[in-house]
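Remarks on the structure that follows.
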Amino acid sequence: MPRLPLLRREGWKRSICCYCGVGCGVKVQTRDGVVSAVRGDEDHPVNRGKLCAKGALLPDIFDLEGRLLHPQIRERKGEEPRRSSWDEAIERAAGAIRRAVDEHGPHSVMLYGSGQLVTEDYYLFGKLAKGFIGTNNQDTNSRLCMASAVTAYNLTFGSDAPPASYSDIEQAKTFLIVGANMEACHPILFERIRARKRADKAGVRVMVVDPRGTRTSEIADIHLALRPGSDVALLQSLLSEVHLAGGLDQEYLDNHTSGWEEVAASLSGWSAERAVEETGLDAGEILEAARIIAHNGPMLTFWTMGANQSTSGVDKNFALINLSLATGNIGKPGAGPFSLTGQPNAMGGREQGGLATTLPGHRLVANAEHRAEVERAWGIAPGSISDQPGVTAIEMVERLERGEIKVVWVAATNPVASLPNSERVRAAFERAETVIVQDPYHPTETTQVADILLPAAQWSERAGTMTNSERRICLLEQVSEPPGEALPDWQIIVKMAEALGYGDSFRYDGLEDIFLEYRELSRGRDMDITGLSYPLLAQHRAGVQWPYPVAARTGPPEDNRRLFEDGQFGTADGRARMHVPTWTPPAESLDDEYPLALITGRVKDQWHTMTRTGRSAKLMKSEREPFLEINPSDAIGLGVRDREPVLVSSRRGSFQAAARVTDSIRAGSVFAPFHWGSLWADNGSSNASASEAIDPRSKQPELKFAAVRVEPLATQ
């Protein structure tokens with residue numbers, strides 16, 4: 001494959017890995033401007049020099065094949081795109097936006113971003129959409145990741161504030177891991193948990209809640225392999241049994257929470273024996289897990305998509321947070337309810353209003369005072385920011401189908417492959433008058449339907465800040481030059497703003513000017529970062545956790561900070577507001593036609609829709625093709641044989657995969673990775689079968705449950 005010439009070795013520069021939300025520090029070496037070597041940063045507190053295979057093999061992604069090098073325009077739907085100049089492409093895109101706003105109003109335009117953007121990009125994307133185009137239709141693929149956690153944190157703590165730090169891993173005695181295969185998805189954190197357990201084999205206890213047996217569950221003292229979707233039933237039962245075992249921190253409940261009486265009343269009838277009916281677990285295992293939580297010592301609770309991607313995702317989060325609050329496991333060493341993010345800058349997007357209902361500084365679109373504060377900061381007239389909540393990811397598809405959204409602008413993500421019911425998504429995008437895609441890569445499933453393609457710089461080719469799962473903000477150096485005519489995302493957004501007539505409000509000498517502007521919008525907020533600056537972040541390469549107000553500048557940044565140590569929360573009365581979680585089954589029911597529950601998820605050596613990792617021959621060696629895990633008892637009844645092809649069908653679509661007959665998946669459930677979209681697999685994607693049913697509060701889709709049938713395919 002062609003590469004830029006490798007002529008001259010340059011010094012090591014520091015950056016942050018561009019994959020998961022752990023936020024590992026990396027050192028990057030280049031030859032003649034191209035990344036040639038990557039190693040873990042020994043001085044970075046997150047990973048201490050270690051990297052997973054994806055991070056270590058980052059140089060593999062710099063082959064020019066598959067890069068979008070020049071702007072392109074498709075004159076008509078279905079035609080091949082042609083190369084254009086930047087001026088022509090931007091004017092074509094801006095003209096489509098202006099025409100849609102003039103003829104159909106600002107809400108006919110949608111902007112859809114990604115946790116791959118740096119925070120400065122996120123901020124400008126939202127400023128242009130919400131402040132100047134006049135629509136709150138700005139959402140992000142983080143909607144698929146942690147929207148349920150954001151909603152629950154806000155409703156419970158009064159702010160979107162993960163309370164713990166990674167350093168709490170080394171101080172915890174008890175780990176509850178729910179719906180998270182951390183060994184595959186957050187491997188560096190998993191290694192820290194495993195090292196903690198090895199260091200105190202007698203004292204540390206690990207519990208894993210997952211319908212699948214994984215390498216994460218292999219280190220567990222108790223693996224609770226529940227029925228998919230039954231998490232609330234299990235968690236209510238655990239809290240009930242912890243209560244009976246004398247494990248509550250009544251003093252903490254009395255002094256720092258509200259709503260406990262209602263939660264306590266909701267536990268009536270949720271014995272371990274009752275939970276067995278809903279979860280399919282053994283009552284003895286539930287009782288033992290409750291005993292450990294009640295008496296073993298400080299507990300860290302980790303969860304990711306297995307809890308969030310559900311029509312009851314917010315309720316699952318309530319139940320998880322209630323368990324920590326009721327036992328006093330918050331604001332203390334080794335304790336806390338900790339939702340892990342899936343992307344490197346999902347947290348930065350949350351800080352800067354990247355979701356359809358939010359504004360910069362953890363403000364809310366629905367709050368009139370918040371809107372006014374942002375309008376003053378942006379120098380726009382009162383009322384410029386709409387009070388209508390914006391359209392979220394799944395709603396975007398519905399509005400495209402109805403013709404209400406005319407123009408959709410996608411940056412740094414691949415929704416045609418990553419959203420559930422992917423064939424429906426593709427058809428919806430094809431209905432749009434204009435699809436603008438700003439991405440480093442082409443082709444992707446989404447660039448295939450784009451009318452205008454804008455080449456963006458990727459990971460090492462631009463600078464900026466990102467925030468990891470523990471609220472740690474790090475400064476990324478630009479370590480290589482973008483190929484061809486590719487530009488950093490923020491420069492593309494500024495070009496679009498100028499073409500739309502808003503250039504005076506988007507004049508920046510560089511990234512630091514953008515940082516200083518949004519830093520001021522954090523003043524007095526829960527995530528106040530007015531004490532931060534580019535020079536400070538450049539000096540403190542390990543990053544700084546928020547909040548870091550200007551008053552914190554009295555000494556070097558304090559590391560490993562946890563929130564709510566004083567028991568004070570961001571609610572009106574300063575107390576954590578506990579909510580009663582409602583137990584409801586998944587949106588789809590199993591029946592004779594669709595008798596199995598499909599779970600989708602990740603594998604260790606692939607990333608999202610494979611636009612990067614699919615180009616690494618070394619990473620592809622571990623998993624070369626889509627597969628379906630199925631329990632032997634289900635396989636025998638269906639005539640499915642190990643390693644032979646099967647057809648998986650839901651009420652929406654189907655895909656083919658190689659069967660893996662294994663008792664690591666509980667009977668009645670099957671598992672398939674979602675990475676292989678139509679560009680990587682000839683016979684469909686698991687997301688073609690996935691459910692687009694959403695949680696009514698978080699609007700996060702139920703990617704962890706779809707009713708399917710599995711049929712063997714004839715082989716030659």
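What follows is calculated from the coordinates using simple rules that are stated; it is not laboratory data. Just so it is clear, the structure is predicted and the values come from calculations on it, not from any experiment. All Cβ positions, glycine included, derive from the backbone under ideal geometry; neighbour counts span all protein chains shown.
The smallest convex shape that holds all Cα atoms of the range 596-712, its convex hull, gives 107 Å³ per residue.
For the range 320-425, what class follows from the C-alpha gyration tensor (a ≥ b ≥ c being the square roots of its eigenvalues): rounded when a/c is under 1.5, otherwise prolate if a/b is larger than b/c, else oblate? Oblate is the answer for the range 320-425, as a/c is 1.5 or above yet b/c matches or exceeds a/b. Compared with the alpha-carbon gap, the fully stretched path from S268 to E593 is longer by 113.4 nm at 0.36 nm per residue. Each label point was placed 7 Å from the Cα along the Cα-to-Cβ direction; for R507 and D221 their separation is 6.4 nm.
Using the charge dipole of the chain (Lys, Arg: +1 at Cβ; Asp, Glu: -1 at Cβ; taken about the Cα centre), state which of Q72, I293, A56 has its Cα farthest towards the positive end. The Cα lying farthest towards the positive end belongs to A56. Would you indicate which of (1) 33.3; (2) 29.7; (3) 39.4 is the value of mean projected area of the Cα convex hull in nm² derived from the coordinates of this structure? So the structure-derived entry is (2).
Considering only P106, W270, A164, the residue lying farthest towards the positive end of the dipole of the chain is A164, judged by Cα position with unit charges set on Cβ. Report note on the peptides 646-658, 264-276: ranked by the mean count of other C-beta atoms within 10 Å, highest first, their order is 646-658, 264-276.
For H104 and D387, the FRET efficiency from 1/(1 + (r/R0)^6), where r spans their Cβ atoms and R0 equals 22 Å, is about 0.70.
Taking a ≥ b ≥ c as the square roots of the eigenvalues of the alpha carbon gyration tensor, the range 9-62 is oblate, as a/c is not under 1.5 and a/b does not beat b/c. Sparse packing (at most 15 other Cβ atoms within 10 Å of the Cβ) combined with a DSSP loop state is found for the following GluC sites (Glu not before Pro) in the range 43-123: E65, E75, E79. Whole-Hz Karplus values for the range 57-65 come out as 9, 4, x, 5, 8, 9, 4, 6, 5 Hz, taken residue by residue from phi with 6.51 cos²θ - 1.76 cosθ + 1.60 and θ = phi - 60°; glycine and proline positions read x. Classified by the C-alpha gyration tensor, the range 149-339 has a rounded form. Its axis ratio a/c, with a ≥ b ≥ c, is below 1.5.
Note on the range 450-521: the C-alpha convex hull projects to 6.6 nm² when averaged across all orientations.
Each part gets one Cα centre, and for the range 634-673 versus the range 538-617 those centres are 30 Å apart. With contacts taken as Cα pairs under 8 Å and at least 6 residues apart, the range 448-584 reaches a relative contact order of 18 percent. Under a point spin-label approximation (7 Å from Cα along Cα-to-Cβ), what is the S85-Q568 distance to one decimal in nm? So the label points at S85 and Q568 sit 5.9 nm apart.
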